[in-house]
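The values are calculated or read from the model by the stated rules, or taken from the named source; none is laboratory data. Small disclaimer: the values here were computed from a predicted structure and weren't measured. Glycine also receives a Cβ, built like all others from the backbone with ideal geometry; neighbour counts cover every protein chain displayed.
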Amino acid sequence: MSEPTSPLPGRFAIVASESRDSAQKAAEHARERFLKQGAEVFSLEQVLAGQTVDALLSLGGDGTLLHAARLMAPLSVPVLGVNFGRVGYLCTAHEDKLDDAIDVLCGHGFQVDSRDMVRTRVFNRREEVWQVDALNEVLVGGSTRTLTLELSANGEPLGLVRGDGVIIATRTGSSAYAYSAGGPILLMEALVLVASNEITSSIATPVVLPSSTTLRLANRSRGVRPYVIADGQKDYQIDEGTEIEITTSPIKALLVDPGWVSAVGKLKTDPGGSVA
């Protein structure tokens, strides 16, 4: 006797960029199309309040997708991004493929791509004061003055970096900020460490590290209070002597993969990326 299957097309949530009118209009269109196909539709807020859904549709740029993916990761809800931004490299589809994206969701004809996230913990006087997970990258920087950062990996000293700061990116984020700063594009789960505009550095070139690596950074900049910035969206200002621990998060972000474009094929046509 066969196992019972979930009735199609299911339950879905929609989130749209508040800064783009086109995305807001598309959200209304998407809601109507979902309902016409017999699906139930919910908001991001309802999902965060406990409503279960099969997937979330993100309408906007990479920034909208990153925000949604971070929130959905602890709930194990996959996210499909449709680009209404400038580049939208992380998004699965362009806005003219919105209906196709909805049809894929309703037909449940998709796979789920599990992506590593990076977890950052900030310590002042050995007391944890801030924690955040990022899907793309963590930047320690954001100051108009030169920074001095002391680095170690798994307890082994990596030396000092003097410059604009340091970027630690995931596979997902390696094609965005880290790539533009001279880092490699990763096709496997790993961490890439990039010193940004360094004046002097013990890290002459970007370094690829196993996902199991524990990185530690200490702010040795006198009179400078840089930021720890996650995905270009969440930040925390640190003092001299503040220590930062960066590891792979135990929580995975889930992205919908409809199988339209391979990762390698997408890299050939669009090696860049930005948060929109």
Practice prompt. Kindly establish whether ASP103 is surrounded by fewer than 19 Cβ atoms within 10 Å (Cβ to Cβ) and either on the phi < 0 side of the Ramachandran plot or without any contact (Cβ under 8 Å) to a residue 24 or more places away in the chain (or both).
Written response: yes
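A quick yes/no check of all residues on (1) small (Gly, Ala, Ser); (2) free of Cβ contacts under 8 Å to residues at least 12 places away in the same chain; (3) in contact with a helix residue (DSSP H, G or I) (Cβ under 8 Å, 6 or more places away or on another chain); (4) buried (at least 24 other Cβ atoms within 10 Å of the Cβ):
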residue: PHE110; (1), (2), (3), (4): no, no, yes, no
residue: PHE123; (1), (2), (3), (4): no, no, no, no
residue: TRP130; (1), (2), (3), (4): no, no, no, no
residue: ARG145; (1), (2), (3), (4): no, no, no, no
residue: LEU158; (1), (2), (3), (4): no, no, no, no
residue: VAL161; (1), (2), (3), (4): no, no, no, yes
Worksheet item: Does the range 19-41 include one or more residues that are under 27 Å from ILE251 (Cβ atoms), of a type in the set (Asp, Glu) and within 22 Å of the chain's Cα centre (by Cα)?
Response: no
Worksheet item: Restricting attention to the range 55-82, which residues are more than 11 Å from the chain's Cα centre (by Cα), more than 19 Å from GLY109 (Cβ to Cβ) and modelled with pLDDT of 95 or more?
Response: LEU59, GLY60, MET72, PRO74, LEU75, SER76
Discussion item. So, in the range 187-206, exactly how many residues are without any contact (Cβ under 8 Å) to a residue 24 or more places away in the chain and either hydroxyl-bearing (Ser, Thr, Tyr) or in a strand (DSSP E or B) (or both)?
Written reply: 1
